[in-house]
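**Student:** One structure follows; several queries about it will come next.
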Amino acid sequence: MPDRPLVLASQEGRAAVLTLNRPEKKNAMNDALLEAFVAAVRSANADDGVRAIVVRGAGDCFTSGRDASEFEKAAVLQDMSVDAAVDIFLEALSLLIESPKPTIAAVHGMALGGGQAMSLACDFVVAERGARFGNVEMAYGFPAAMNIALLTRQIGRRRGLEIAMTGDLYTAEQYREFGLVNRLAEPGGLAGAVADFVGTLTDRAPWAVRRTKTTYRLAEDMALHGALNFGNQLNQLLRLNGQLAPIHSRSEGVKRALKTDIAEGEAAEGGKAVRRGPGP
């Protein structure tokens, strides 16, 4: 089906939904699909009506990873053909990481190899129970290089190295325990779980969401003292803005929800103020 779009782009509420669309190939990511994906992410980033980006897969899985059949093509260093063969995947992952808008991987079925890397490049992962993750390249003697780089930013060394080196498969439930999955969905309930999570993110002020992601990403690469000073500068800007207009003047609904949540927590805990954590 050569004329079928390899990436389907739609908008659901205030989220751009990008669907990898090679279901008969388990959404294996060939260069053409990645080029379409890069274009779709750039378009979503440029659209002021989009506040979040959801990445999902058509058919019965998220994605089985890179399309290995393309690795059979001849490539050499001198003519830059190696660069051309791998740079498009780097660009796709980098766009997800650097997007000013929160990115959410909606994973069902499996996210293997490059598919796991794509989920790790997103800010958040909502996964259906029973979904499988893993660096399956290691079973063929091929280090999962992109996964290695991303795992070092997401998880401790011992667990991350085990995932990278063994190539074993892990369930969404295990990845939830490791801190690599944010929310779990019951089978068949992934769309609803994603919509609930996205709704929370897109209800927040866009400027605050953008600044939070930027600050978090920069702080990851700084020593603690530098990160704290960077945060202090942001607080100064917020204080200055507060002199001109109330920072939360357009968030009355959010404030009411927080007050209600705290009041319910106090009642449940016998007067002790407790904020509820996120659901499963």
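The values are calculated or read from the model by the stated rules, or taken from the named source; none is laboratory data. Just so it is clear, the model here is predicted, and its values are computed rather than measured. Don't worry about glycine lacking a Cβ; one is built from the backbone with ideal geometry, like all the others, and counts go over all protein chains shown.
**Student:** Any chance the range 64-78 includes a residue that's of a type in the set (Ser, Thr, Tyr) and at pLDDT below 95?
**Tutor:** Yes, the conditions are met somewhere in the range 64-78.
**Student:** Look through the range 126-153, keep the residues that are under 12 Å from the mean Cα position of the chain (by Cα) and buried (at least 24 other Cβ atoms within 10 Å of the Cβ), and return whichever of them is nearest to Val194 (Cα to Cα).
**Tutor:** Step by step, filter the range 126-153, then rank; the result is Val126.
**Student:** Against the condition modelled with pLDDT under 95, out of contact with any Cys (no Cβ under 9 Å at 6 or more places or on another chain) and more than 26 Å from Lys101 (Cα to Cα), how does Thr171 come out, does it pass?
**Tutor:** Against the criterion (modelled with pLDDT under 95, out of contact with any Cys (no Cβ under 9 Å at 6 or more places or on another chain) and more than 26 Å from Lys101 (Cα to Cα)), Thr171 does not qualify.
**Student:** May I pose another question? Take Ile163 and decide whether it is β-branched (Val, Ile, Thr) and free of Cβ contacts under 8 Å to residues at least 24 places away in the same chain.
**Tutor:** Against the criterion (β-branched (Val, Ile, Thr) and free of Cβ contacts under 8 Å to residues at least 24 places away in the same chain), Ile163 does not qualify.
**Student:** Select from the range 128-160 the residues that are touching a residue at least 60 places away in the same chain (Cβ under 8 Å) and out of contact with any Pro (no Cβ under 8 Å at 6 or more places or on another chain) and list them in ascending order.
**Tutor:** Of everything in the range 128-160, those that are touching a residue at least 60 places away in the same chain (Cβ under 8 Å) and out of contact with any Pro (no Cβ under 8 Å at 6 or more places or on another chain) turn out to be Ala131, Val136, Arg153.
**Student:** With respect to Ala32, determine if the residue is within 16 Å of the chain's Cα centre (by Cα) and among the aliphatic types (A, V, I, L, M).
**Tutor:** no
**Student:** Which of the following residues is within 21 Å of Val55 (Cα to Cα), in the same structural domain as Ile97 (by TED's automatic domain parsing) and out of contact with any helix residue (DSSP H, G or I) (no Cβ under 6 Å at 6 or more places or on another chain): Thr171, Thr166?
**Tutor:** Testing whether each residue is within 21 Å of Val55 (Cα to Cα), in the same structural domain as Ile97 (by TED's automatic domain parsing) and out of contact with any helix residue (DSSP H, G or I) (no Cβ under 6 Å at 6 or more places or on another chain) leaves just Thr171.
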